[in-house]
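Novice: Structure below; questions to follow.
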Amino acid sequence: MASEGVVLPGPETIRHGRVELALHALSDGEGPVLLLLHALHGSSADWEDAAATWPGPVHALDFSGHGASDWLPGRGYSPEVFVAEADCALAHLSHGEPPLYLAGAGVGAYVALLVSGARPRVVRGCLLLPGAGLAGGGAHPDDLDGSGRADWAATLSAPARRDGAPGPDPLVSRCERDVRPLYYAEEFARAARRLHVAPVSDPPPWLGTAITCGDARPAPADLGDALRQLAAE
């Protein structure tokens, strides 16, 4: 955790394509690095209580369209876009030297699973937590009801940056309708190292697949206890 009397700097700005992303340092110290990925409509501010229980540096990323990060040009938000942003943050933090750990809530949990499976040599362990955007739109395109398709018209004149507007970009809500095929989740779960899954009432199919196919173990419901378990791996 941060040393007594030490004032941590403001968020770093990292660039991913045409978007500037805010990466917040929540604590410093010696030990493994933890990157936190928030739920849909959330931000790094959701993780204020997480830093006290982690033995090393803790960082929290604001996905595009959220927090202090830019809104995405074209407004084509998807978990895969967030995966690329989280991967950019990992590269910035790791400097090619693992270990790093991930914790994600809601859509951030899905992103954390994909990143962990894509970068098993970098991500030593991953904690999946409930939150907004966890379920997505189901495992098949037929699960979608077509709602929200008209919101593409709003992308033609909307600004790419938040320009001080309160709250997240309203169009991030489309991540509640993305298709999450089970074979896709299975592939990443099998490649990921040490998945820790907090209790989720009525888990979505992709999460059930990850638990069944991955190196998964149950995590405590309390965030502090769950992070302590993750750090002990």
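All of the numbers you see were taken from the coordinates with simple rules; none came from a lab. These figures come from a predicted structure and were not determined experimentally. FYI the Cβ positions are ideal-geometry reconstructions off the backbone, even for glycines, and counts take in every protein chain you see.
Novice: Can you give me the C-alpha center-to-center distance between the range 177-233 and the range 61-137, rounded to a whole angstrom?
Specialist: 14
Novice: Going 7 Å from the Cα of D225 toward and past its Cβ, which residues in the range 100-115 have a backbone nitrogen under 20 Å from where you end up?
Specialist: Counting only backbone N, you get 103-106.
Novice: Kirkwood hydrodynamic radius for the range 12-232: how many Å is it when counted over pairs of different Cα atoms?
Specialist: It works out to 17.3 Å.
Novice: Taking the dipole about the Cα centre of the range 12-232, with the C-beta of Lys and Arg at +1 and of Asp and Glu at -1, give me whichever of L134, L72, A185 is farthest to the positive side.
Specialist: Of L134, L72, A185, it is A185.
Novice: Given Cα pairs under 8 Å that are at least 6 residues apart, what percent is the relative contact order of the range 12-232?
Specialist: Averaging sequence separation for qualifying contacts and normalising by length gives 21 percent for the range 12-232.
Novice: Quick check for me: using +1 on Lys/Arg Cβ and -1 on Asp/Glu Cβ, what's the dipole size of the range 12-232 about its Cα centre, in debye to the nearest 20?
Specialist: Computed about the Cα centre, the dipole is about 440 debye.
Novice: Rg/Rh for the range 32-139: what does it come to with C-alpha atoms and Rh from Kirkwood?
Specialist: Rg/Rh: 0.94.
Novice: On to the next question. Tell me, what HN-Hα J-couplings in whole Hz come from the Karplus equation 6.51 cos²θ - 1.76 cosθ + 1.60 at θ = phi - 60° for each residue of the range 25-40, using x for Gly and Pro?
Specialist: 8, 9, 7, 10, x, 8, x, x, 8, 10, 10, 9, 10, 6, 7, 4
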